[in-house]
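Participant: Got a structure for you, questions after.
Each value in this text was obtained by applying a stated rule to the coordinates, not by laboratory testing. Model, not experiment: these values are computed from the prediction. We place every Cβ from the backbone using ideal geometry, glycine too, and count neighbours over all the protein chains shown.
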Amino acid sequence: MMAGEAIPGPQHELESGADYGQFVSAIPLMVRMARFGATNEAISYRDFHVGASAYAIKFDGSKPPVTLGGANYKPDQQTPKYCAEMDVVDHLEGNDYDQIVGSVVAGTTDPKAIKAVMGRVTPTLHPCHACQDKMAGSRLVTPDTIVITVGLENDVAQIHTFDDLQMIYELEERQGAQVMAPPVDLDLSNWARREQAFDVLMQMSADNDPVSAAQLVLSSTVALDS
Ligand SMILES: [Zn+2]
């Protein structure tokens, strides 16, 4: 019997939208958290250090949005791999959040190191197959969840939605052309320009899709006058 449990008011039921402006503002912090995880918390017997972070929301607003970081753990060859992305998803599921609006993965951008682990060369380190399976099975990850893959030691980044990520390799094999998002310089030193650009984009049209606007702002070289 759930005696005494408060029935959520209508204002709570309506608050299901994510604030993408807040998410865009949180990205420099998310990148720092992901890099911190890789540098200070990751354990890898072969020195392959990866960190991740995510921005998650609770639909009814009973908890404020959160930014949470994680790191990979593989102390020896025998231990099954536990990636940074898995760490973050498990923590957020355990803490009862409803949706991951976006995530950051920070790893090497060395093509040889990426090829050795992933079997293919990509400009940044993408979530591996097992991570993508885990994300696909998580109630927190939607096709629109934005995945930012960024260098540990540089601001080279690629911006995909989770839906994009799941399709690009097969498409590239089939078409023999580059389909994945081109690498961009995230240029974290002047983030206000991207926040401004996002606001401008969203104001220009009332029915602007915030996911596409965020993707566009993150993927472009933004040069607004301050
Ligand atoms: Zn993985």
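Participant: Could you grab the Rg to Rh ratio for the chain? Cα atoms only, Kirkwood for Rh. Please report the intermediate quantities before stating the final value.
Facilitator: Numbers: Rg = 18.2 Å, Rh = 18.3 Å.
A ratio of 0.99.
Participant: Which residues does a label at Asp19 reach in segment 133-150, if reach means a backbone N under 20 Å from a point 7 Å past the Cα toward the Cβ?
Facilitator: 145-146
Participant: What are the trypsin sites (Lys or Arg not before Pro) within segment 120-226 that DSSP puts in a loop, where the Cβ has at most 13 other Cβ atoms within 10 Å? Walk me through the intermediate numbers first.
Facilitator: Numbers: sites: Arg120, Lys134, Arg139, Arg174, Arg193, Arg194; in loops: Arg120, Arg139.
Passing both the DSSP loop test and the Cβ count: Arg120, Arg139.
Participant: Using a cut-off of 25 Å between alpha-carbon atoms, which lysines can reach Lys74, once sequence neighbours fewer than 8 places away in the same chain are excluded?
Facilitator: Cross-link targets: Lys112, Lys115, Lys134.
Participant: Select from Gln175, Val24, Ser62 the residue farthest towards the positive end of the dipole of the chain; place +1 on Cβ of Lys and Arg, -1 on Cβ of Asp and Glu, and compute about the Cα centre.
Facilitator: Positive-most Cα among the choices belongs to Gln175.
Participant: On the first, second and third principal axes, largest extent first, how far apart are the outermost C-alpha atoms of segment 85-153 in Å?
Facilitator: 38, 22, 20
Participant: Amide H neighbours of Gly102 under 5 Å, counting only residues 5+ apart in sequence or on other chains, H built in-plane at 1.01 Å?
Facilitator: Tyr55, Ile146
Participant: Now for a separate question. Just to be sure I understand: if I project the alpha-carbon convex hull of segment 37-100 onto a plane and average over all orientations, what area do I get in nm²? Present the calculation step by step, with values, prior to reporting the outcome.
Facilitator: Details: hull surface 17.0 nm².
Here the figure is 4.2 nm², rounded to one decimal.
Participant: I'd like the Karplus ³J(HN,Hα) series for segment 54-64: coefficients 6.51, -1.76, 1.60, θ = phi - 60°, whole numbers in Hz, and an x wherever there's a Gly or Pro.
Facilitator: 3J(HN,Hα) across segment 54-64, in whole Hz: 8, 10, 10, 10, 10, 4, 7, x, 5, 9, x.
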